[in-house]
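Report on one structure; see the data block that follows.
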There are 4 protein chains.
Amino acid sequence: MATVLAGVIPRPHAPVEVRELPEPELEPDSALLEVALSEVCGTDVHLQQGRLEGVPYPLIPGHVSVGRLSKIRGRLLDITGRPFAEGDRVTFLDVHRTCNACWHCLVAKATTRCPRRKVYGITYGLADGLAGGWAQKLYLKPETRCIRLGDVDFEKFMAGGCALPTALHAVERAGVELGDTVLVLGSGPVGLSVIIFALMRGALRVLCIGAPERRLEAARQVGAAATLNVETSDEETRVRWVLEHTEGRGADVTIEATGAPIAVVQAMRYTRDAGRVCVVGQYTDHGEVSLNPHHDLNRKHLDVRGCWGSDFSHFYRGVRIMADPARSEAWSLLKLDRYKLGEANEALADVAAGKVTKALIAPQA
Amino acid sequence: MATVLAGVIPRPHAPVEVRELPEPELEPDSALLEVALSEVCGTDVHLQQGRLEGVPYPLIPGHVSVGRLSKIRGRLLDITGRPFAEGDRVTFLDVHRTCNACWHCLVAKATTRCPRRKVYGITYGLADGLAGGWAQKLYLKPETRCIRLGDVDFEKFMAGGCALPTALHAVERAGVELGDTVLVLGSGPVGLSVIIFALMRGALRVLCIGAPERRLEAARQVGAAATLNVETSDEETRVRWVLEHTEGRGADVTIEATGAPIAVVQAMRYTRDAGRVCVVGQYTDHGEVSLNPHHDLNRKHLDVRGCWGSDFSHFYRGVRIMADPARSEAWSLLKLDRYKLGEANEALADVAAGKVTKALIAPQA
Amino acid sequence: MATVLAGVIPRPHAPVEVRELPEPELEPDSALLEVALSEVCGTDVHLQQGRLEGVPYPLIPGHVSVGRLSKIRGRLLDITGRPFAEGDRVTFLDVHRTCNACWHCLVAKATTRCPRRKVYGITYGLADGLAGGWAQKLYLKPETRCIRLGDVDFEKFMAGGCALPTALHAVERAGVELGDTVLVLGSGPVGLSVIIFALMRGALRVLCIGAPERRLEAARQVGAAATLNVETSDEETRVRWVLEHTEGRGADVTIEATGAPIAVVQAMRYTRDAGRVCVVGQYTDHGEVSLNPHHDLNRKHLDVRGCWGSDFSHFYRGVRIMADPARSEAWSLLKLDRYKLGEANEALADVAAGKVTKALIAPQA
Amino acid sequence: MATVLAGVIPRPHAPVEVRELPEPELEPDSALLEVALSEVCGTDVHLQQGRLEGVPYPLIPGHVSVGRLSKIRGRLLDITGRPFAEGDRVTFLDVHRTCNACWHCLVAKATTRCPRRKVYGITYGLADGLAGGWAQKLYLKPETRCIRLGDVDFEKFMAGGCALPTALHAVERAGVELGDTVLVLGSGPVGLSVIIFALMRGALRVLCIGAPERRLEAARQVGAAATLNVETSDEETRVRWVLEHTEGRGADVTIEATGAPIAVVQAMRYTRDAGRVCVVGQYTDHGEVSLNPHHDLNRKHLDVRGCWGSDFSHFYRGVRIMADPARSEAWSLLKLDRYKLGEANEALADVAAGKVTKALIAPQA
């Protein structure tokens, strides 16, 4: 019987184990993906630390992944109705089973809040099969939405990775307009992709407050006009810095991508009256924060928009943008670190420590 | 020399004094309004308590007011270019001098945040002339935007009063859609007008959490489908009550009109995923409140919109709606209490204590 | 073997025949609806006249219908996940198979343009089973979205019928704002429901240009402030009439619901500068019309919005509104005419001639 | 007495005359601009041909212009409140007197349709003073909104010229989204700036159909991915070309900037279902065009948006973008032709014939 090596988090706080698992039988209209690259993002760190609710341990992490279709049973179609063939280079929307039948899907049209929605590598566990990217092969269940990568370089695509649809969604939801000054809080993978998309969407200047210095350098490389180190500045300095860079008014748009609750209130304070704040960095519960609703929200006539998950349209457009050499150039500037399956714990530690910009798992290595 | 009696707050915390002031000379293109009714709203209480910033004491309170044009010098035109005549029954936009020349007016198109904006009875003080409605006559400076009331009953109009444009703005900004369940927090004048406008805009059901019982009765009279007393319920009860009235999801839209910081976070918690929250009750600094950005904002994919002030379009449409007998019927149900100029301190005390739904000053009485 | 009587259009231009058809075997998760009422709308007239493209004759007409679930095989769930039971009073979204897998569904989020979308009674023909409402029983295929009617009166619901979601969609897309003057072109079922929804959404005044007089009377009964007979007025009169009712500016919003190409350009001409036009009456090809893009569109800075079909959210909210006695009162004022299955040709003739406001088929009669 | 040379169109169809006019006395808070460059755009050709309504001949053409403030009387402030000084390099919003007092300004917030609005060089004639840019000096009336150019190269700025705010407005109104395929009809100055802004706003690919070949080359230079010559192709070819470049669906967004009525209907036909069309090329009456409202509008569920004029926000942001070396680079690629005042008739002829991409008047030459 054919077997597959996969990295498994057996339970919260336990280290990743590489296990040898049987290659699955394919249901009709399903497929196997030979994973070329998967990634290690902040969510994976949270998974290992047991910080997310409703995770069915043990699980194989790795949501956004790329590779080749090594086996197809039945029909697998792209959104234009064209069938995929074995050997095709693809990625896939890690969100599965948005039901198109519930109140959230059909009335609110808020599919990222569909209660039946499942995510490969996060809410699909080992019991659901080879449903994570930290594995030599990943099982693409029926109705998984695959997208052709054509000749897009796997590594460049993964420089965006799961941050790509998240950041595109955030920039779209923030409503960046031509000529805006956009402030990005956070310089991790999402923050860096937000900088790129904000510029692509017509921001005149993008400012970034983040850390550490190495990531701020990456922020400048991908286009940030100015950066400030959050770790070596105090709040007064930060406020003054923002005002100095915005003619004394605050940013037109601030996008929070940090994970720190305090950043949500800072985002409101750093934004001009009648501006927009998009909160996309609070994917895990890190506690509470105190705000002054008069000064921070009502009197400023702010728009504050939470931004949860992403849907096929964000992912699909992200892939198309990555397929365009000029549009995707900025992502080529990001430094990637590759880890083998057996090095997954090291990868998690490096991501947790902010040592690397972007960590990839290369399961075939 | 003709004189005018006016109620004056000499300085923060001091009681209102009735003073006899000289009737002013009119500049070109200005007018005198013989005030029939002005009002006493929460902002007036805050003015007397010294809770607002940048108030030029001494001042004559009273922003939204109605009456007859008793004298016009030069030309005073309505927005269709038709001149007003002495004797016309009018109201006027209490916001004056939105400059149409600054960054907020011209680039952000956020005129309610124009730094040169002045408000009769709030940021115009006695030094600026008879610039408040608690007076027998009010001086309409050049470029004050007057609106004909035609045969609209003065008292019915003042049942909306300054809450009218505020509430219309809030409901518009909240984006109420046909069939929505709207939750209103607060049952003061703004809350009551919000209920009426939310229903007028197509909400299927409006719920209201407020106090005291007398105001909740008013809320039901103007159309609230269900009400809950915030003073006699605990948070767990309130959450359960909201869920019970929203099929377990929370309100599609919540409009906060309370003045209590905690209500802003409650508004977020009482709202369904991907819903909208409009914050219009935090006109004064009442302190801070703690929220959980993961649970209350990001994960819910909420839109939280601060709503500051109102502009001519809100006021004008409010007047037009008041001129329609069917559309304005609900406001006729609100109980009004009239006070003479000499009873202004009593009026302030009654409003501060929530004893009355709406208090009016009748300066000619 | 149990049989079912159904009205069938065998081919374009042929009269409806009542046929006796076998009651179908149910697939898993499908059901039979005992049809209480279906309707005869303009689309049915077009179907009989062969004016629609891609219709698979022979077919059983009747898209929006109401009745009782007489048999269920497997599970049939509502959007909250609650199962339906035999005997439940329901309606269902006549649009079926919106695929949730194509570019239009997933990237453009324009599900009413999904190429795989099928409509009961229009693009499902007899070959697809008992897939139309002009039958004693209708076969609800798996994944048909049923909606509970509770104790909503069947007849009142059908007074809205298929016009209900269409009109709700049009009013929402037109973006009616509080205080708007809305002009409705057309006084057929869609026009009448548009009047009701425009008022429900906050229009201050609704004007209607239509015909014949009997329908204009219905327009006034459901709330139109003024009406004009299109058949007995010339264009100059109509323009003058609109300007007289809009302070010389034109309507804020015009919704075209006529079926006549000329009405689309009239809608643009009757609308104020920077207003909105929603075109919802051009469901069939009635030919071309000439417009002047400078005067009618560009210089006016107009928004012209085509509005095709409706989706579950429109239908579901329409049903909820119908379940509210106050909100749905206006529809009770509409006169309905009932026809038996054997009178379907008479019904079509009466609808085509504009003799009736709304014609219903009562298959059990 | 000091005199100024100016080009004057004495009456429709008459050639431009260079006249010597007295330098004006300055009113308080007005200024004189020493014009460095003005431009010759399609509107100027229409002015000379008498094709615009309400033009007060004789007039000095030239709306968007740049130069130095040579004299200031009183105070002239920028939108941050900072005073201008003599010698400052500036441009100014050619639209003047938007009244901030009428229904269109205050209720509809449609300032580009304010009936009191005046435009330098178009609706201000010689009787209004030196109110056009084809002159050595231009009189900046009180409340003209000037904008500092800092060290922005005059010529590069004028490569955008009046097309800059027009195109920015059109792209914003068209609602270009990240990843869109945008089709631009027309390759004149507006079309070329639309291409640049559409890419700046996140279009993945911009297609252009225009003429002549020289301008299509310019279109490709500023970023169009593909171009088609409208003069050497027939309609069938054009439709096929668009479908080939859009996966068979049509463009997500089409922006019409041609001046030909037929292009408005072509724009609708070349656009995908549920897409957006922005019509910005119909500034003059060139006659009627025939459309099929069923096929071209309703069934496609299109948004068709007329776009008239531009306001300060468009102009101001355009200037800011021009001040950014990277953002404004594309405009440097456009070929400009300079003409002296005495060569204005030649300039008009060259623009009318499409011989030049952009013609500038250099009044000091």
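The values are calculated or read from the model by the stated rules, or taken from the named source; none is laboratory data. Predicted model, so just to flag it, every value in this text is computed and none were measured. Here Cβ is always computed from backbone atoms with ideal geometry, including for glycine, and neighbour counts include all displayed protein chains. Please note that ligands, DNA and RNA were not included when accessible areas were found on the heavy atoms of the full protein model with its side chains. Shrake-Rupley method; radii C 1.70, N 1.55, O 1.52, S 1.80 Å.
Anything in the stretch B:153-179 that is open to solvent by 10 Å² or more (accessible area, probe 1.4 Å) and either more than 30 Å from C:ALA170 (Cβ to Cβ) or touching a residue at least 60 places away in the same chain (Cβ under 8 Å) (or both)? List them, or say none. Step through it out loud before you land on a result.
Of the residues in the stretch B:153-179, the ones open to solvent by 10 Å² or more (accessible area, probe 1.4 Å) are B:153-156, B:162, B:166, B:169, B:172-173, B:175, B:177, B:179.
B:ASP153, B:PHE154, B:GLU155, B:LYS156, B:CYS162, B:THR166, B:HIS169, B:GLU172, B:ARG173, B:GLY175, B:GLU177, listed by residue number.
Would you confirm, using the coordinates I've provided, whether D:ALA330 is over 17 Å from the mean Cα position of the chain (by Cα), assigned to a helix (DSSP H, G or I), in contact (Cβ under 8 Å) with a residue 60 or more places away in the chain and under 21 Å from D:GLY160 (Cα atoms)? Talk me through it step by step, then tell me what you get.
Values: over 17 Å from the mean Cα position of the chain (by Cα): no; assigned to a helix (DSSP H, G or I): yes; in contact (Cβ under 8 Å) with a residue 60 or more places away in the chain: yes; under 21 Å from D:GLY160 (Cα atoms): yes.
So D:ALA330 fails the test.
Take the conditions open to solvent by 30 Å² or more (accessible area, probe 1.4 Å) and out of contact with any Ser or Thr (no Cβ under 6 Å at 6 or more places or on another chain) and apply them to D:GLU244. Does it pass?
Values: open to solvent by 30 Å² or more (accessible area, probe 1.4 Å): yes; out of contact with any Ser or Thr (no Cβ under 6 Å at 6 or more places or on another chain): yes.
Yes.
Which of the residues spanning the stretch B:316-338 are more than 14 Å from chain C (Cβ to nearest Cβ) and either open to solvent by less than 10 Å² (accessible area, probe 1.4 Å) or closer than 16 Å to B:VAL64 by Cβ (or both)? Step through it out loud before you land on a result.
If we filter the stretch B:316-338 for residues that are more than 14 Å from chain C (Cβ to nearest Cβ), which is where we start, we get B:331-338.
Within the stretch B:316-338, B:TRP331, B:LEU334, B:LEU336, B:ARG338 qualify.
Here are B:GLU20, B:GLU34, B:GLU39: which of them is in contact with a strand residue (DSSP E or B) (Cβ under 9 Å, 6 or more places away or on another chain), in a strand (DSSP E or B) and either of a type in the set (Phe, Trp, Tyr) or closer than 19 Å to B:THR123 by Cα (or both)?
Numbers: B:GLU20 fails: either of a type in the set (Phe, Trp, Tyr) or closer than 19 Å to B:THR123 by Cα (or both); B:GLU34 fails: either of a type in the set (Phe, Trp, Tyr) or closer than 19 Å to B:THR123 by Cα (or both).
Unique residue meeting the criteria: B:GLU39.
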| Could we say that C:GLY42 is at pLDDT 95 or above and small (Gly, Ala, Ser) here? | no
| said: Just the residues that are under 26 Å from C:HIS314 (Cβ atoms) and surrounded by 20 or more Cβ atoms within 10 Å (Cβ to Cβ), please, taken from the stretch A:93-106. | reply: A:VAL95, A:THR98, A:CYS102, A:TRP103, A:HIS104, A:CYS105, A:LEU106
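Residue by residue, here is whether (1) buried (at least 23 other Cβ atoms within 10 Å of the Cβ); (2) within 30 Å of B:ARG19 (Cβ to Cβ); (3) within 14 Å of chain C (Cβ to nearest Cβ) holds:
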site: B:PRO293; (1), (2), (3): yes, no, no
site: B:LEU302; (1), (2), (3): yes, no, no
site: B:HIS314; (1), (2), (3): yes, no, yes
site: B:LYS355; (1), (2), (3): no, yes, no
| note | Of the conditions (1) more than 28 Å from D:CYS102 (Cα to Cα); (2) in contact (Cβ under 8 Å) with a residue 60 or more places away in the chain; (3) within 22 Å of the chain's Cα centre (by Cα), the single one that B:ALA127 does not satisfy is (3)
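To keep it simple, each residue is scored yes or no on (1) more than 14 Å from chain D (Cβ to nearest Cβ); (2) in a strand (DSSP E or B); (3) open to solvent by less than 10 Å² (accessible area, probe 1.4 Å); (4) within 19 Å of C:ALA167 (Cα to Cα).
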| site | (1), (2), (3), (4) |
| --- | --- |
| C:GLU231 | yes, no, no, no |
| C:ARG249 | no, no, no, no |
| C:VAL264 | no, no, yes, yes |
| C:GLN282 | no, no, yes, yes |
| Which number in (1) within 14 Å of chain A (Cβ to nearest Cβ); (2) in a helix (DSSP H, G or I) marks the one condition that D:VAL351 misses? | (1)
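Restricting to the stretch C:185-198, count the residues that are in contact with a strand residue (DSSP E or B) (Cβ under 6 Å, 6 or more places away or on another chain) and assigned to a helix (DSSP H, G or I). Before you say what the answer is, go through the steps one by one.
Within the stretch C:185-198, the first condition is being in contact with a strand residue (DSSP E or B) (Cβ under 6 Å, 6 or more places away or on another chain), and the residues that meet it are C:185-187, C:189, C:191, C:194-195, C:198.
When the remaining residues are screened for being assigned to a helix (DSSP H, G or I), the result is C:189, C:191, C:194-195, C:198.
Within the stretch C:185-198, residues that are in contact with a strand residue (DSSP E or B) (Cβ under 6 Å, 6 or more places away or on another chain) and assigned to a helix (DSSP H, G or I) number 5.
Each row is one residue, and each column tells you yes or no for (1) within 30 Å of B:GLY342 (Cα to Cα); (2) within 14 Å of chain A (Cβ to nearest Cβ); (3) over 19 Å from the mean Cα position of the chain (by Cα).
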site: B:PRO61; (1), (2), (3): yes, no, no
site: B:VAL64; (1), (2), (3): yes, no, no
site: B:ARG75; (1), (2), (3): no, no, yes
site: B:ALA85; (1), (2), (3): no, no, yes
site: B:ARG89; (1), (2), (3): yes, no, yes
site: B:CYS99; (1), (2), (3): no, no, yes
site: B:CYS105; (1), (2), (3): no, yes, yes
site: B:LYS118; (1), (2), (3): yes, no, no
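Condition check: at pLDDT below 95 and either surrounded by fewer than 16 Cβ atoms within 10 Å (Cβ to Cβ) or not in a loop (DSSP other than H, G, I, E, B) (or both). Does A:GLY54 satisfy that? Give the steps one after another, and end with the answer.
Working: at pLDDT below 95: yes; either surrounded by fewer than 16 Cβ atoms within 10 Å (Cβ to Cβ) or not in a loop (DSSP other than H, G, I, E, B) (or both): yes.
Spelling it out, A:GLY54 is indeed at pLDDT below 95 and either surrounded by fewer than 16 Cβ atoms within 10 Å (Cβ to Cβ) or not in a loop (DSSP other than H, G, I, E, B) (or both).
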| field | Contacts under 8 angstrom Cβ, first residue in the stretch A:24-40 being open to solvent by 10 Å² or more (accessible area, probe 1.4 Å), partner assigned to a strand (DSSP E or B) and β-branched (Val, Ile, Thr), 6 or more apart | value | A:LEU26/A:ILE72; A:ALA36/A:VAL66
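Does any residue of the stretch C:106-120 turn out to be in contact (Cβ under 8 Å) with a residue 12 or more places away in the chain and aliphatic (A, V, I, L, M)?
So the first thing to find is which residues in the stretch C:106-120 are in contact (Cβ under 8 Å) with a residue 12 or more places away in the chain, and the list is C:111-120.
Then keep just the ones that are aliphatic (A, V, I, L, M); that gives C:119.
Checked the stretch C:106-120: at least one residue is in contact (Cβ under 8 Å) with a residue 12 or more places away in the chain and aliphatic (A, V, I, L, M).
I'd like the full set of residues that are of a type in the set (Lys, Arg) and surrounded by 18 or more Cβ atoms within 10 Å (Cβ to Cβ), limited to the stretch C:107-117.
First pass over the stretch C:107-117, keeping only residues of a type in the set (Lys, Arg): C:109, C:113, C:116-117.
Scanning the stretch C:107-117 gives C:ARG113, C:ARG117.
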| query | For C:ASN298, all conditions in the list (1) surrounded by fewer than 22 Cβ atoms within 10 Å (Cβ to Cβ); (2) touching a Phe, Trp or Tyr at 6+ places or on another chain (Cβ under 7 Å) hold save one; what is the number of the exception? | reply | (1)
| note | If we ask which residues in the stretch B:57-80 are surrounded by fewer than 23 Cβ atoms within 10 Å (Cβ to Cβ) and under 30 Å from A:HIS295 (Cβ atoms), their number turns out to be 2
| task | From (1) more than 17 Å from the chain's Cα centre (by Cα); (2) within 7 Å of chain D (Cβ to nearest Cβ), pick out the condition that doesn't hold for C:TRP308. | result | (1)
| Can you pull out the residues in the stretch A:200-229 that are surrounded by 17 or more Cβ atoms within 10 Å (Cβ to Cβ), in contact (Cβ under 8 Å) with a residue 60 or more places away in the chain and assigned to a loop (DSSP other than H, G, I, E, B)? | A:ALA211, A:VAL222, A:GLY223
| task | Quick one: count up the residues across the stretch A:284-314 that are within 21 Å of A:LEU207 (Cα to Cα), outside any strand (DSSP E or B) and basic (Lys, Arg). | result | 1
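Given the structure, is C:THR123 within 14 Å of chain D (Cβ to nearest Cβ), among the hydroxyl-bearing types (Ser, Thr, Tyr) and within 30 Å of B:ARG249 (Cα to Cα)? Give the derivation first.
Numbers: within 14 Å of chain D (Cβ to nearest Cβ): yes; among the hydroxyl-bearing types (Ser, Thr, Tyr): yes; within 30 Å of B:ARG249 (Cα to Cα): no.
It is false that C:THR123 is within 14 Å of chain D (Cβ to nearest Cβ), among the hydroxyl-bearing types (Ser, Thr, Tyr) and within 30 Å of B:ARG249 (Cα to Cα).
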| remark: Of the listed residues (B:LEU199, B:LEU168), the one being within 11 Å of chain C (Cβ to nearest Cβ) and in contact with a His (Cβ under 6 Å, 6 or more places away or on another chain) is B:LEU168
| message | If D:GLU244 meets every condition in (1) over 19 Å from D:ARG205 (Cβ atoms); (2) of a type outside the set (Lys, Arg); (3) out of contact with any Leu (no Cβ under 8 Å at 6 or more places or on another chain) apart from one, which number is that one? | response | (1)
| remark: Among (1) part of a helix (DSSP H, G or I); (2) over 22 Å from A:THR80 (Cβ atoms); (3) within 20 Å of the chain's Cα centre (by Cα), A:GLY342 falls short only on (3)
| said: Just to verify a result, which residue in the stretch A:268-280, among those that are touching a residue at least 40 places away in the same chain (Cβ under 8 Å) and more than 18 Å from A:GLU235 (Cβ to Cβ), is nearest to the other protein chains (Cβ to nearest Cβ)? | reply: A:VAL280
